[in-house]
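Each value in this text was obtained by applying a stated rule to the coordinates, not by laboratory testing. For clarity, every value in this text was computed on a predicted model and none was experimentally measured. Cβ: placed from backbone, ideal geometry, glycine included. Neighbour counts: every protein chain shown.
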Amino acid sequence: MIYIHVPFCKSFCTYCDFYSEIAEDSLFGPYTDQVCAEIRRRAGEMDGSLRTLYFGGGTPSQLPLSCLTRILLALEECGQGGPYTEFTMEVNPEDIVEKGLPYVQSLKALGVNRISIGVQSFDDELLRWMNRRHDAARAEEAFRLVREAGMENVSLDLIFGLSNLSDSVWEATIDKAVSLKPEHISCYQLTVEGDNVLAHRLEAGEYEEASDEYCRHQYNILCRKLSDAGYSHYEISNFAKPGFEAVHNGGYWARRPYVGLGPAAHSFTGRCRGWNESTLIDYKHTEEALSVEDEKVETLMLALRTSRGVDTDFLHGNCREEDIDRLEKAGALQRVGRRYRIPEDHFFVSDEIIRELI
Ligand code: SF4
């Protein structure tokens, strides 16, 4: 499992707290040099399990194809070339429309077999408020181009949990997403973190956070509509048509080792968590060993995010029986064969449930 962080954006979204730089032509070359050097340096860490490659950001679709090709060649030279089981590229709708069909065809020719489109909303007013570069029509056009290029595994990203998101706008966004028939939908709750524009709006009294109750209401609408449309809710924030569950992200939840390359990328060796510094050039890599307690908490937190849940022996071996009993009686934990899971109607409060268990 290999993750490559592409820390470039053409503009910054109001709610964003990821590390990213304004995309400038002069930065792509030095960035690519650094990533290729890191690939050679860390080749020994790439064990090839799952054989997935994921370009996330930032905005990977800002990276010129020549740079992408150089990175793929460096991976190949180190014995980590394609074809990959899953090769995902996150893209911005505006880039797809601007660069057009030949760009998506080139991505496909380079081995990309899964595209994740950052749509966020199909409401133009909300998209402007988020400072996204695209509008709803461009998002739809991007989806059409991706399909025209023959991409058969497409995911759409949506956002909920905004106080200025009405039921009718939210329902229309979900309906539009469903009507396009993507294989996968990821939906994240907006949180105000760090020092971004939204945090400033909040401080200035220009934005009010949505209450938990309101977010839960929007989440329930999402779950109901996507279930009706035939998507399985296989992870708190992820929905898929049968057979299209994300392989790479599934590896994160199962605590498989992965190598994260590029500025601000995170890695996991199986015993240590590592991260690269959030700086474009000369970023340092740091690692920290996990304690037995850390491993236990991680296993529980990650596994219980999924509909597959956690192994019964693990839960009984690491949690208090009275807590398991109480949560099971309250319907917050459900035993299915050799596993315990959080039922979908309790996914929204999974953090609290997990906190009770640890
Ligand atoms: S495109 Fe993505 S990474 Fe860039 S500012 Fe927007 S949310 Fe953040």
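Okay, here's what the table says:
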quantity: Point-charge dipole on Cβ atoms (K/R +1, D/E -1) for the range 194-299, about Cα centre, debye to 20; calculated: 620
quantity: Approximate spin-label separation Glu352-Arg271, in nm, with each point projected 7 Å along Cα-to-Cβ; calculated: 3.9
quantity: Estimated FRET transfer efficiency when R0 is 45 angstrom, pair Asp311-Asp25 (beta carbons, to 0.05); calculated: 0.35
quantity: Potential extension, Ala109-Asp17 segment - 0.36 nm per residue separation minus Cα distance; calculated: 29.9 nm
quantity: Neighbour-count ranking [beta-carbon atoms within 10 angstrom, fewest first] of Lys284, Lys10; calculated: Lys284, Lys10
quantity: For the chain, calculated [θ]222 nm from helices alone, where every DSSP H run of n ≥ 4 adds -39500 (n - 2.57); calculated: -12500 deg cm²/dmol
quantity: Gyration tensor verdict on the range 292-358 (Cα atoms; rounded if a/c is under 1.5, prolate if a/b is larger than b/c, oblate otherwise); calculated: rounded
quantity: Inter-probe distance in nm under a simple model that places probes 7 Å from Cα toward Cβ, at Thr69 and Glu321; calculated: 6.5
quantity: In Hz, Karplus ³J(HN,Hα) per residue of the range 272-277 (6.51, -1.76, 1.60; θ = phi - 60°; x = Gly, Pro); calculated: 10, 9, x, 8, 8, 4
quantity: The range 280-358 - percent relative contact order, Cα under 8 Å, separation 6 or more; calculated: 32
quantity: Total charge dipole magnitude, the chain, about the Cα centre, Cβ charges on Lys, Arg, Asp, Glu only, Debye to nearest 20; calculated: 1220
quantity: Cleavage-rule hits (GluC sites (Glu not before Pro)) in the range 1-84: DSSP loop, at most 16 neighbouring Cβ within 10 angstrom; calculated: Glu24
quantity: Pair Glu77, Ala43: separation of 7 Å Cα→Cβ label points (nm); calculated: 0.8
quantity: Neighbour-count order for Ser307, Ser166, fewest beta carbons within 10 angstrom listed first; calculated: Ser166, Ser307
quantity: Relative contact order %, the range 1-153, counting alpha carbon pairs below 8 Å whose residues are six or more apart; calculated: 25
quantity: Listed residues Val146, Val336, Val35, most fluctuating in the chain (Gaussian network, C-alpha, under 10 Å); calculated: Val336
quantity: Amide H within-cut-off set for Glu21, under 5 Å, with H built and near neighbours excluded; calculated: Phe8, Cys9
quantity: Cα-based shape type of the range 151-224, given that a ≥ b ≥ c are square roots of the gyration tensor eigenvalues and the cut on a/c is 1.5; calculated: prolate
quantity: Compactness of the range 58-163 as Cα Rg over 2.2 N^0.38 Å, two decimals; calculated: 1.14
quantity: Cut-off 13 Å, label 7 Å out along Cα→Cβ of Lys296, residues of the range 317-338 by amide N; calculated: 317-321
quantity: Computed over the chain: relative contact order in percent, which uses C-alpha pairs under 8 Å that are six or more apart; calculated: 16
quantity: Dipole magnitude (debye, nearest 20) for the range 292-358, charges at Cβ of Lys, Arg, Asp, Glu; calculated: 320
quantity: Of Gly58, Gly243, Gly29, the one that fluctuates the most in a GNM where the chain has Cα springs shorter than 10 Å; calculated: Gly243
quantity: For Gln120, distant residues with modelled amide H under 5 Å away; calculated: Asp157, Leu158, Ile159
quantity: Max mean-square fluctuation residue, GNM over the chain, Cα-Cα springs under 10 Å, options Ile324, Ile342, Ile117; calculated: Ile324
quantity: Trypsin sites (Lys or Arg not before Pro) restricted to the range 291-338 and DSSP loop, no more than 16 other C-beta within 10 Å; calculated: Arg320, Arg338
quantity: Neighbour net charge for Val35 - beta-carbon separation under 15 angstrom, K R +1, D E -1; calculated: -3
quantity: Low-density loop positions, GluC sites (Glu not before Pro), the range 171-255 - DSSP coil, at most 14 other Cβ in 10 Å; calculated: Glu193, Glu206, Glu208
quantity: Filter on Lys241/Lys329; Lys108/Lys284; Lys10/Lys108; Lys10/Lys99; Lys99/Lys225 - keep pairs with C-alpha separation over 25 Å; calculated: Lys241/Lys329; Lys108/Lys284; Lys99/Lys225
